[in-house]
Amino acid sequence: LEGDSDLGISSEARQDKRLRSEPLCEQQVLAVASPAVAARIAEAPSLRLGLEAEPLLAFNLELTMIDQWLVRNGCDGLTMAPALIGQDLRTLRDMVRRGLGWTTLPAYLCGGSLADGTLVEISPPGGALHITYYLQWTPSALRQPRTAHAWEVLRAGLCERARPAPGL
């Protein structure tokens, strides 16, 4: 809205009436940890106790994806302060791979690490969580040909083509 960007992708639907928004894609969200941390969580008397015993790494203080995963999997009401906040999901993934705790990540970002065994999914007793990503824009932004083209490309199926690259 301040003119810093023409298009945005968010995991939350628009809240501002000056923006336009539409669903872009849906992604599965996984709770993940290194094999050693995941084993300790699994050995705990309950998932709740196992998660509480390990450091939580988060994207921000709001814990949106983490809270949604916890509620979906019977751990609602669990209040944990993140041991670390990092606003780059790739950095969080790398720290979790090194055994520094657990977090939730979109599946596209941890598929390679799950395949090579450097990450393990924390078994979700309540089932998988899926979140919707939204494409957001200001109507005036689409007057620029480059922005309009990017908008069309994104709407054409960005997430359908998003596959984890080897090693990610």
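Of everything listed in (1) of a type outside the set (A, V, I, L, M); (2) surrounded by fewer than 17 Cβ atoms within 10 Å (Cβ to Cβ); (3) at pLDDT below 90, the single unmet condition for Gln136 is (2). Answer yes if at least one residue in the range 73-84 is in contact (Cβ under 8 Å) with a residue 40 or more places away in the chain and surrounded by 14 or more Cβ atoms within 10 Å (Cβ to Cβ), and no otherwise. Yes, the range 73-84 contains a residue that is in contact (Cβ under 8 Å) with a residue 40 or more places away in the chain and surrounded by 14 or more Cβ atoms within 10 Å (Cβ to Cβ). Taken as a whole, the structure leaves Gly117 outside the set of residues that are of a type in the set (Gly, Ala, Ser), at pLDDT 95 or above and touching an Asp or Glu at 6+ places or on another chain (Cβ under 6 Å). Reported count of residues in the range 2-42, each being farther than 30 Å from Glu52 by Cβ, in a strand (DSSP E or B) and not charged (D, E, K, R), is 7.
A quick yes/no check of all residues on (1) at pLDDT 90 or above; (2) more than 22 Å from Gly8 (Cα to Cα); (3) out of contact with any helix residue (DSSP H, G or I) (no Cβ under 9 Å at 6 or more places or on another chain):
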position: Asp76; (1), (2), (3): no, yes, no
position: Thr91; (1), (2), (3): yes, no, yes
position: Gly99; (1), (2), (3): yes, yes, no
position: Trp102; (1), (2), (3): yes, yes, no
position: Pro124; (1), (2), (3): yes, yes, no
position: Leu129; (1), (2), (3): yes, yes, no
position: Gly157; (1), (2), (3): no, no, yes
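Being modelled with pLDDT of 85 or more, open to solvent by 20 Å² or more (accessible area, probe 1.4 Å) and more than 25 Å from Asn73 (Cβ to Cβ) is a property that His149 has.
Here's the yes/no breakdown for (1) in contact with a Ser or Thr (Cβ under 8 Å, 6 or more places away or on another chain); (2) within 13 Å of Ala33 (Cα to Cα):
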position: Met65; (1), (2): yes, no
position: Asn73; (1), (2): no, no
position: Gly77; (1), (2): no, no
position: Gly101; (1), (2): no, yes
position: Val120; (1), (2): yes, yes
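Candidates are the residues of the range 1-17 that are among the charged types (D, E, K, R) and exposed (fewer than 12 other Cβ atoms within 10 Å of the Cβ); the one that is modelled with the highest pLDDT is Lys17. Taking interchain pairs and intrachain pairs at least six residues apart, which have beta carbon atoms under 7 angstrom, with the first residue in the range 137-150 and under 18 Å from Arg18 (Cα atoms) and the second open to solvent by 30 Å² or more (accessible area, probe 1.4 Å) and of a type in the set (Lys, Arg)? Final answer for the pair search is Trp137/Arg20; Thr138/Arg18; Pro139/Arg20. Within the range 51-66, track down each residue that is buried (at least 17 other Cβ atoms within 10 Å of the Cβ) and without any contact (Cβ under 8 Å) to a residue 24 or more places away in the chain. Selection gives Leu63 alone. Within the range 90-113, does at least one residue satisfy the condition of being within 30 Å of His149 (Cβ to Cβ) and exposed (fewer than 13 other Cβ atoms within 10 Å of the Cβ)? Checked against the condition, which is being within 30 Å of His149 (Cβ to Cβ) and exposed (fewer than 13 other Cβ atoms within 10 Å of the Cβ), the range 90-113 yields at least one hit. Taking the range 58-85 as the range and being outside any loop (DSSP other than H, G, I, E, B) and not charged (D, E, K, R) as the test, the residues that pass are Ala58, Thr64, Met65, Ile66, Gln68, Trp69, Leu70, Val71, Leu84, Ile85.
The values are calculated or read from the model by the stated rules, or taken from the named source; none is laboratory data. Here the structure is a predicted model, which is why all the values come from computation and not from measurement. Every residue, glycine among them, receives a Cβ derived from its backbone with ideal geometry; neighbour counts consider all protein chains shown. Just the protein is used for accessible areas: all its heavy atoms, side chains included, with ligands, DNA and RNA removed. Shrake-Rupley method; radii C 1.70, N 1.55, O 1.52, S 1.80 Å.
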